[in-house]
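Engineer: The structure under discussion is supplied below as structure tokens; questions concerning it will follow.
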Amino acid sequence: MQQLGWRRVGLGLSLWLMLVAAAVAQGTPPAPTATATFAGGCFWCVEADFDKVSGVISTTSGYIGGRSANPSYDEVSRGGSGHAEAVEIVFDPAKVSYEKLLDVFWHNIDPLVKDRQFCDRGDQYRSAIFYHGEEQKRAAEASKTAVQKRFKQAIATEIVAAGAFTRAEDYHQDYHVKNPIRYKFYRFNCGRDARLEELWGARSQ
């Protein structure tokens, strides 16, 4: 009987410890995250470039900056809607700074052209930084000033406040992962990496 009693005490103690651990786990606030939004031409490519960055939690292709709600790919790709293909990035500020993301952004676009990127033409393919809050705005403007010192030609990349972001259709998400051969073929034919090397030198992040 004494052994049975001790077993019951041990079982009760174990159960209590499990409940305490669960309560502590539920009360632990999630690590703070932040959002960055960039447009740099084809969102397949922008998404692929930022997926490589340590500290980036997720990337989502979508549309931003237009005049209508819930745009479709067909609507945006025709041009004239005012939307830009863009990528919304959720990141961990403890692991990667917004300034680092800006540096990655600049080195993966052609900042010297207006309303196009590489082989894609139209305002839907413009390059832009859509800032979330004044701190991001100041960082974006400082980075643009620094980049401008590298080039004689004026920087065409816009810096504007982020508005409503519409998630693109599912088949656009992680396109470089789902369709790696088609993605690489498109990227090569568009001359993206050749132009980036011309602008920035050998690719590095």
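FYI, it's all coordinate maths here, none of it is from the lab. Here the structure is a predicted model, which means the values were calculated and not measured. Note: ideal-geometry Cβ built from the backbone for every residue, glycine included; neighbour counts use all protein chains shown.
Engineer: Viscosity 0.692 mPa s, temperature 37 °C: Stokes-Einstein D of the range 29-137 from its Kirkwood Cα radius, in µm² per second?
Structural biologist: Using the Kirkwood radius from Cα pairs, D works out to 231 µm²/s.
Engineer: Let me ask something additional. Using alpha carbon centroids, what distance separates the range 39-63 and the range 123-185, in Å?
Structural biologist: What the calculation gives is 9 Å, centre to centre.
Engineer: Which value in nm describes the separation of the simple spin-label points at LYS152 and SER68, placed 7 Å from the Cα toward the beta carbon?
Structural biologist: 4.3
Engineer: A further question on this structure: Starting from the range 59-141, pick out the chymotrypsin sites (Phe, Trp or Tyr not before Pro) whose DSSP state is loop and whose Cβ has at most 12 other Cβ atoms within 10 Å.
Structural biologist: Passing both the DSSP loop test and the Cβ count: no residue.
Engineer: Moving to a separate point now. Give me the log10 of I(q) over I(0) for the range 66-205 at q = 0.11 Å⁻¹, as the Debye formula computes it from C-alpha points; what are the numbers?
Structural biologist: Summing over Cα pairs of the range 66-205 leads to -0.45.
Engineer: Moving on. Is the C-alpha gyration tensor of the range 151-205 telling us rounded, prolate or oblate? Criteria: a/c under 1.5 is rounded; beyond that, a/b larger than b/c is prolate, otherwise oblate.
Structural biologist: Oblate.
Engineer: Could you list the GluC sites (Glu not before Pro) in the range 77-178 that lie in coil according to DSSP, counting only those with at most 12 other Cβ atoms within 10 Å of their Cβ?
Structural biologist: GLU169
Engineer: Give, to the nearest whole percent, the P(r) tail of the range 83-148 beyond 16 angstrom, counting all Cα pairs.
Structural biologist: Details: 1077 of 2145 pairs.
It works out to 50 percent of all Cα pairs.
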